[in-house]
Amino acid sequence: MAKTVDRMDQIVSLCKRRGFVFQSSEIYGGLGSCWDYGPYGVELKRNLKDFWWKAMTQKRDDVEGLDAAILMHPKVWETSGHVANFTDPMVDCKKCKARFRADQLETARCPEKPSKSPLECGGELTEPRMFNLMFKTFMGPVEDSSAVVYMRPETAQGIYVNFLNVMGPSRQKVPFGIAQIGKAFRNEITPGNFIFRTREFEQMEMQFFIKPSEDDQWFDYWKAERMQFYYDLGINKDKLRYHEHGKDELAHYAKKAFDIEYEFPFGWKELEGIHNRTDFDLSRHTEATGKDLSYFDEKTHEKFIPYIIETSAGCDRTLLVLLVDAYTEEEVKGETRVVLKFSPKIAPVKVAVFPLVNKDGMPELGMKVFHELKEHFKAFYDTSGAVGRRYRRMDEIGTPYCVTIDGQTSQDETVTIRDRDTMEQTRVKIADLVPTIKAKIEG
Ligand code: ATP
């Protein structure tokens, strides 16, 4: 247990120290479970989102992109079932006033006696009450119930209500999908574990519209594709597994659901959900609006409401997986080296440039090389401190390649490239740097 806590503490502390993730509004004491991404966090997140977008849209001709508004007509959330069902059963402690999820009492901790659960600490608990997880706000100048709108708790509904808008202009035919990356908000009662469960987060969702009779084959297809995505991201295969939802776990709309789970330092937890949502969503929106969301198959002359296979991944949660999976401590010459061994494809900085010393024309040559590399990669230029310390700083943010300008550079126009993982250095011509690094990144 101590080791588990240590590893998360180490990662949180590295994220703050090196500019990946900070607590929101930190100088005001922070805001519960909201996080800000600093310079390297935002690069890492952007690379992750680009990787997903490329895999889910660019490399395919059967998935289109969308960016729907966060605020939607409030009736959308009545139709989807979120107003009635997006709730957790909650209990309050009459003594310390803390609130807990009724279904997680055994693993929850009493804030006054952290070694005990709320069942053991002696506080009296209220009867469970249902608590809706959607954030509400008001639209327009009057703050009354007719002006209530919700901050979307998932990006999926923006896709369903745009089914016809996307299908027409893109000239797609069923089976096809719509992909979206965007913010979602949930007033989680027991958030925590850093960016694992937060109140504001980003989702990467894809909804695939299919003929109802083909649901099992498409479910299996997407289940395999989505696991492969994490392998391609370079995540340790032994720490990934499927979890099938039992009948008691299935959401009200789902016929079948599998989670992809990762073994975090705090246990196996969901990373992504793959759901067979049947025709629930399009049928409900058809009933509520009177707009026919059925599909006519011109080949078979069948008319049906498409089934939907959903793949729903958390961007922040995947980012935590990338950090946890990459975090490595190694003994090097009697010192501990901390390295984030990200796949070079998603590393926030791809290459750093160091003049070995701050004289003999090395900084000028270094700047020249840096400007050339910047056109192709996210690069970093550093002249401060011993070169060994500069390497260590780059190791801690996961930069896969460091280029050093030394005494030989001005004579034969070569530099060294140091590999983050092996720490080996090779000499290359400056003219070959860009293609060499490109080839290394592409692996
Ligand atoms: P959980 O059981 O962990 O609350 P969920 O089953 O409610 O998750 P979904 O509604 O299926 O999650 O959302 C899809 C994905 O969105 C999740 O697999 C997760 O990666 C991400 N996600 C959901 N809630 C949060 C949150 N509060 N903070 C960060 N990511 C989240």
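The values are calculated or read from the model by the stated rules, or taken from the named source; none is laboratory data. This is a predicted model, so every value here is computed, not measured. When we count neighbours, we look across all protein chains shown, and the Cβ atoms used for this are built from the backbone with ideal geometry, even at glycine.
Of all residues in the range 92-108, those satisfying the criterion of being surrounded by 15 or more Cβ atoms within 10 Å (Cβ to Cβ) and under 27 Å from the mean Cα position of the chain (by Cα) are PHE100, ARG101, ALA108. Among residues that are at pLDDT 95 or above, assigned to a loop (DSSP other than H, G, I, E, B), assigned by TED's automatic domain parsing to the domain that holds ARG60 and more than 16 Å from the ligand (Cβ to nearest atom), VAL174 is included.
VAL142 falls short on exactly one of the conditions (1) among the β-branched types (Val, Ile, Thr); (2) away from the ligand (no atom under 16 Å from the Cβ); (3) touching a residue at least 40 places away in the same chain (Cβ under 8 Å), and that condition is (3).
Within the range 346-365, the residues that satisfy the criterion of being in contact with a Phe, Trp or Tyr (Cβ under 7 Å, 6 or more places away or on another chain) and over 15 Å from ARG18 (Cβ atoms) are ILE346, LYS350, VAL351, VAL353. Only one entry of LYS291, LYS303, LYS299 meets the criterion of being at pLDDT below 95 and among the basic types (Lys, Arg), and that entry is LYS299.
Being closer than 26 Å to ARG171 by Cα and touching a residue at least 24 places away in the same chain (Cβ under 8 Å) is a description that does not apply to GLY81. Of the residues making up the range 101-114, none is within 16 Å of the ligand (Cβ to nearest atom), hydroxyl-bearing (Ser, Thr, Tyr) and under 30 Å from ILE308 (Cα atoms). Of the residues making up the range 181-214, those that are more than 9 Å from the ligand (Cβ to nearest atom) and either outside any strand (DSSP E or B) or under 30 Å from THR300 (Cα atoms) (or both) number 14. The residues listed here are ASP6, ASP50; of these, the one that is assigned to a helix (DSSP H, G or I), modelled with pLDDT under 95 and either surrounded by 19 or more Cβ atoms within 10 Å (Cβ to Cβ) or among the acidic types (Asp, Glu) (or both) is ASP6. Here MET151, MET167 are screened, and the one residue that is buried (at least 18 other Cβ atoms within 10 Å of the Cβ), more than 25 Å from the chain's Cα centre (by Cα) and within 26 Å of ALA313 (Cβ to Cβ) is MET167.
Residues in the range 347-356 include none that are among the β-branched types (Val, Ile, Thr) and in a helix (DSSP H, G or I). Every condition in (1) surrounded by 14 or more Cβ atoms within 10 Å (Cβ to Cβ); (2) acidic (Asp, Glu); (3) in contact (Cβ under 8 Å) with a residue 40 or more places away in the chain is met by ASP259 except one, and the failing one is (3). Taking the criterion of being of a type in the set (A, V, I, L, M, F, W, C) and within 16 Å of the ligand (Cβ to nearest atom), the residues of the range 289-332 that qualify are ILE308, ILE309, ALA313, CYS315, LEU319, LEU320, VAL321, LEU322, LEU323, VAL324. Residues in the range 32-46 that are surrounded by fewer than 20 Cβ atoms within 10 Å (Cβ to Cβ) and under 11 Å from the mean Cα position of the chain (by Cα): ARG46 only. If you check PRO89, PRO141, which single one turns out to be in a strand (DSSP E or B), surrounded by fewer than 18 Cβ atoms within 10 Å (Cβ to Cβ) and not assigned by TED's automatic domain parsing to the domain that holds HIS285? That would be PRO89, the only listed residue that is in a strand (DSSP E or B), surrounded by fewer than 18 Cβ atoms within 10 Å (Cβ to Cβ) and not assigned by TED's automatic domain parsing to the domain that holds HIS285.
Taking the criterion of being in contact (Cβ under 8 Å) with a residue 12 or more places away in the chain and of a type outside the set (Ser, Thr, Tyr), the residues of the range 376-392 that qualify are HIS376, PHE377, LYS378, ALA379, PHE380, ASP382, VAL387, ARG390, ARG392.
The residues listed here are ILE195, ILE181, ILE210; of these, the one that is surrounded by 15 or more Cβ atoms within 10 Å (Cβ to Cβ) and closer than 19 Å to PHE280 by Cβ is ILE210. Here LEU250 fulfils each of the conditions (1) in contact (Cβ under 8 Å) with a residue 40 or more places away in the chain; (2) touching a strand residue (DSSP E or B) at 6+ places or on another chain (Cβ under 7 Å) apart from (1).
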